[in-house]
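This report refers to the structure that appears directly beneath it.
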Amino acid sequence: MQRGRLLEPVAVQLLRERFPKWKVEHNAAANIYFRDPAARLGGTPDVIVNAPDRGRGVIQIKSVEASVFRHKWHDADVDEPQPPLWIALQATLEAYLTSSSWAAVAPLVIGHGLEMPLIDIPLVPGVVEAMKVKAAEFWRLVAAGEEPPVDYRRDGEVLDRIYAQGDEATEVDLSADNRIPTLVAERAFYRDAIATANRQVEAIDTEIKSKMRDAQVAHIPGGQKITWKPQKRAGFFVEPKTIRALRYPNEKAR
């Protein structure tokens, strides 16, 4: 967040240099919040543009590390970079809130230099209407004091962030929860399966390495090849932080 906040003016300056005929307004100074009170939707666009050839538009600026950009913004089947869905939805909503005719995302890619492609976001009919439906469902839950149902395959990171520290004085009794023994047993089964699979993968890798020996390239059937080349890894420092370790019976924390 700090990187994005500090580098946002740099991205705005790059936009102004690249598109000198555009009127580029950086919203950080005014910090104008746009909203649809009836739908209870709102947003604070990064940049509002008036372009002679395109009219009024909004641009979302994102600061992205180069390797993250390569892995999360590029689809193998598409040549042009594609932003993650949530960013496209954010830009779409801000276009609606500002009555803009177009929206785009400008990822400021930080590597040895600066790269900042401008990616257009198609304003697809029906998307904002779907947001209004979801917003109404959310506010209904808020009014009723209810939590949204947890999606166990999707919401792990969200739960970690919400309950990052926990309460040292709080305990919960799950001894009457019939689902708990099943979950613990299933988890142990899948962990064992993962460990077995990992050992098998390591054994396969070792067998292939023994066949390659000093060779850095091995040609295999089908015109394909396996490579085993030296790779440098940059050293780095990680800021200390506190995390919660989940421990199960007869199992060390991982």
Q: Hand me the GluC sites (Glu not before Pro) from segment 22-130 located in a DSSP loop with no more than 11 other Cβ atoms within 10 Å, in residue order please.
A: none
Q: Report the label-to-label distance for K23 and K232 in nanometres (one decimal), using points 7 Å from each Cα along the Cα→Cβ vector.
A: 5.0
Q: In nm, give the distance between the simple-model label positions of E207 and N250, each being 7 Å from the Cα along the Cα-to-Cβ direction.
A: 3.2
Q) How much FRET efficiency would the formula 1/(1 + (r/R0)^6) give for A135 and T170, where r is the Cβ-Cβ distance and R0 is 30 Å, rounded to 0.05? A) 0.40
Q. In segment 109-210, with Lys and Arg counted as +1 and Asp and Glu as -1 at Cβ, which of these residues, V124, A164, L141, has the Cα nearest the positive end of the dipole, that is, farthest along it?
A. V124
Q: Name the lysines eligible as straight-distance cross-link partners of K225: C-alpha to C-alpha under 20 Å, and not fewer than 8 places from it in the same chain.
A: K209, K211
Q. Given R₀ = 35 Å, FRET efficiency for R154-Q216 by Cβ-Cβ distance, to 0.05?
A. 0.30
Q | Given the chain, longest segment not containing exposed loop chymotrypsin sites (Phe, Trp or Tyr not before Pro) (DSSP; at most 13 other Cβ within 10 Å) | A | 34-151
Q | segment 1-134: equivalent-ellipsoid semi-axes (sqrt of 5 x gyration tensor eigenvalues, Cα, Å) | A | 23, 19, 15
Q) How much length is gained if the chain between D79 and D120 is pulled fully straight, taking 0.36 nm per residue apart and subtracting their Cα-Cα distance, in nm to one decimal? A) 13.4 nm
Q: Determine, from the Cβ-Cβ distance of A193 and R54 and an R0 of 45 Å, the FRET efficiency 1/(1 + (r/R0)^6), rounded to the nearest 0.05.
A: 0.25
**Q.** Contact order normalised by residue count of the chain, Cα under 8 Å, 6+ apart, percent
**A.** 12
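Laboratory data are not the source of any read-out in this text; all were calculated from the coordinates shown. Every value quoted in this text rests on a predicted model; they were computed, and no experiment measured them. Backbone-built Cβ (ideal geometry, glycine too); neighbour counts: all protein chains shown.
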